[in-house]
Structure formats: structure tokens, C-alpha cells
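Note sheet for the following structure.
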Amino acid sequence: MHRMSIYTLALGVFLTATSELVVSGILNVIAENLNISLALAGQLITAYSLAFAIGTPVVVSVTARLGRRKVLLGSLALFIVGCLVSFGSSNIVILMASRVILGISAGVYLVVALGVAAKLVPREKLGSAIGTIILGFSSAMILGVPIGIAITNWLNWQSIFLILGLFSLGITIVIWRLLPDIEGDAPVSFRQQFKVLGSVVVVSGLLLTFFRETGNSIVFTYLTPYLQGSLHVQASNISIIMLAFGIFGAIGSRLGGYGVDRWGAARVITFSIAVHIAALAVLPFVSDVPGIGLALLAVIIFSMFANGPAIQSYFIQQAPESSNLVLSLNTSIVHLGLAAGAGAGGFMVSAASTLQYNPWAASFILVIGLAAALVSFTRGKKVAVKPA
């Protein structure tokens, strides 16, 4: 029963993540349809990210005492409203408002789903449960975006959101019928929850997330032009390569979850980031050998997604009484890191007129992230030993 509940939660993550990711794939269509510039259409992504980053921790904190099922159902109801507003959008103002609604509701759903999954399984299965939830997000990259583009070509871009709303309604009904009523965080006061932000263990872990996402964004924001310009991949082959990368990511998230259960979150984080850094550092040296370059990118994506469940599991283990707050802050920092990396990557392209050296910058920033992780792990061990 619990396994079915976790897969249902993951399917909800797939739908909410698709609403975020699909816009980048149909941005030109939206711009043309609404008769706006591509730059203005791009602000739809910014609006979503800001709403996700700012709104999620606020709503999660305010609803911390409510039953988890109620919060999940409420976030999905708001998500459905956002989908319907997107479907009926006739101008950029309405569509922008819908992105704010979708960003907040998707963020709250993701954080609460992670927390619920952790409470549904025994401690030794935590990594696998979190990995399954993260798999919902990576599956949106593999299937959600291509399906959204296909629906746009078949019908129109508005239809994507109507379909997402209808499927989300089905998930809402299943969660209402299937999920047990899990208590919120009532035993811990609102003020007490925020004390966790004074913990070196948690703060250095959040710094890991920021530097990790910043480094990743420096490369992956400009992945398509990097493939074409530096690895000399033909445009006609980009879609199949992206599909292959997505599959590597899905496998990585699944195996990362299993790794947490077997070896612990700290070891998986350390090993996966070390591999990630090494692959990024080597990448610029093999631009003349596209096959090796693509293989290294596959390794980078695999390690990046294997790292995801480990980080989420680590926060749940370190702050069990404030896990919803910490997870919401972590997802906010993910979006801030993505924005910082995209800006830094763009600056490098403008300064150097090439994407060739972006992987080195990403590798350096990830080294800082790994250092923050090691501080967190070391401090965590001291805190764990202290009571004895």
C-alpha cells in the first residue's frame, strides 16, 4: 500500500514538474501566439522560479501544523487552478499570473511529497523512497517535455495545461482515497523550526545545494549550444541525445536512492560530487572527440541525479523535526542557484565568446560545494557523538 502511495506521489511530481519544464521547449510558440518578444516570454520561466523559491517556504511553514494529506490535496487543487488559468490565458499578464500560481503550488507539493514519502517507509528504505519521488522529476525531463511539444504541434500550447489539470485531478482523487492521514509538525513550534537555520550542519548543507546548482546551471543552461559548438553535434541529433541523457538521469536518481540505503547519504553525496567534478574538469580537453565528450556528459548527468536523493535524504535525517521547512528552503536555493549559474554562464560566454571553458568554471564551483558538504558531514558527526 505504501509503495503505491509513493508511486502516486511521484506521478504528481511528474505532472507538476512538467508544467515547469515544458515552457522552455515551447517558448517560441508562446511568444508568437501572444505576439510578444522571446525575451518577454522568457520571463515566464523567471516568474515561475521566483514564485517557487519565495512562495514555497512561506506556505510550507504556515501549513506545517496541518495534516500532510490536506496540504497535498490543497496544493494540487491550487495547481489545477493554475493549469486552468494557463489554459484560458489570452495575454501575457494572465499567463504570468498563472506561472506564479503554478510555481507556488508545485513547490509546496514537491516538498510535502518528499516529507510524506520519508514518513511512509522505515528508515532503512528512506533513500529508495526519496529516489522514487525524484524519479518523477527526472521523468518529466525525459517524457513530459517531448510530450508537451508534441501536444503543442498537434493541438496548441494551451492544451498542455488542460491535460495536466485533468490528470492532476485524477491524482488528487487517488491521494484522497489512498494516502493515510499523516500528522503535520504540530509538536514543534514555528519558532523552534527556524532555529535549525542556526545549525552549521544544515547551513553548510544548503550551501552545498547552492554551489551544486550554480555549477550545474553554468553548463546545462547552455547545453544545446555547447553540444553543437564545442562537441560538433548536428542539430538533428540533439533530441535523441537529450533523451539518452534523460534516461541516464532517471537511472541515476533510482540508483542514488538505493545507494543511500546501503552506504548512507554522506558517502553517496561525496562520491557522486567527486565524480561530477572530475568529469567536468576533463570535458574541455576532449572537445575534438565528441564520443568521449558525450560519454562524460552522461556521467555528469548520472552523478548529478544520483546526488539528488542523497541530499534530500541527508536533510531529512539531520533535521527530522523541521524537515518540511529545510526541504522547502533547499528547493528555493536550488532555483536561486540555477539563476546564478545561468547568469554566470552567460557572463563567461560574453567575455570569452565560447562555451569551451564553462565546464571548468562549473567544476571549480562544485569543489566549493563539496567543501561545504564535508564541513556539514564533519560537524554532523561531532553533534552526533556529543551527547554520549
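Quick notes on this one:
- Lone qualifier among Ile300, Ile273 - being at pLDDT 90 or above, surrounded by 17 or more Cβ atoms within 10 Å (Cβ to Cβ) and more than 26 Å from Gly25 (Cβ to Cβ): Ile273
- Within segment 303-323, tally of residues that are over 12 Å from the mean Cα position of the chain (by Cα), polar (S, T, N, Q), within 17 Å of Leu110 (Cβ to Cβ) and modelled with pLDDT of 80 or more: 1
- Single condition Ala64 does not satisfy, out of (1) in contact with a Ser or Thr (Cβ under 9 Å, 6 or more places away or on another chain); (2) part of a helix (DSSP H, G or I): (2)
- Taking segment 22-43 as the range and being part of a helix (DSSP H, G or I) and modelled with pLDDT of 80 or more as the test, the residues that pass are Val22, Val23, Val29, Ile30, Ala31, Glu32, Asn33, Leu34.
- Qualifying residue in segment 63-74 (condition: under 22 Å from Gly308 (Cα atoms), touching a helix residue (DSSP H, G or I) at 6+ places or on another chain (Cβ under 9 Å) and modelled with pLDDT of 85 or more): yes
- Within segment 285-297, being part of a helix (DSSP H, G or I) and surrounded by fewer than 24 Cβ atoms within 10 Å (Cβ to Cβ) holds for Phe285, Val286, Pro290, Gly291, Ile292, Gly293, Leu294, Ala295, Leu296.
- Flag for Ala351 being of a type in the set (A, V, I, L, M, F, W, C), in contact (Cβ under 8 Å) with a residue 40 or more places away in the chain and either more than 30 Å from Arg65 (Cα to Cα) or assigned to a loop (DSSP other than H, G, I, E, B) (or both): no
- The set of residues from segment 220-240 being in contact with a Leu (Cβ under 7 Å, 6 or more places away or on another chain) and assigned to a helix (DSSP H, G or I) comprises Pro225, Tyr226, Gly229, Ile238.
- Filter result for the condition that a residue is within 29 Å of Pro122 (Cβ to Cβ) and of a type in the set (Phe, Trp, Tyr), over Phe211, Phe245, Phe271: Phe271
- In segment 24-50, the residues that are surrounded by 21 or more Cβ atoms within 10 Å (Cβ to Cβ), closer than 17 Å to His335 by Cβ and hydrophobic (A, V, I, L, M, F, W, C): Leu44
- Total residues in segment 341-367, condition among the hydroxyl-bearing types (Ser, Thr, Tyr) and touching a Pro at 6+ places or on another chain (Cβ under 8 Å): 1
Results for (1) modelled with pLDDT of 85 or more; (2) surrounded by fewer than 16 Cβ atoms within 10 Å (Cβ to Cβ), shown as yes or no for each residue.
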{"position": "Leu325", "(1), (2)": "no, no"}
{"position": "Thr331", "(1), (2)": "no, no"}
{"position": "Leu336", "(1), (2)": "no, no"}
{"position": "Ser363", "(1), (2)": "yes, no"}
{"position": "Phe377", "(1), (2)": "yes, no"}
{"position": "Gly380", "(1), (2)": "no, no"}
{"position": "Val383", "(1), (2)": "no, yes"}
{"position": "Ala388", "(1), (2)": "no, yes"}
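The values are calculated or read from the model by the stated rules, or taken from the named source; none is laboratory data. These numbers come from a predicted model, not from an experiment. Cβ: placed from backbone, ideal geometry, glycine included. Neighbour counts: every protein chain shown.
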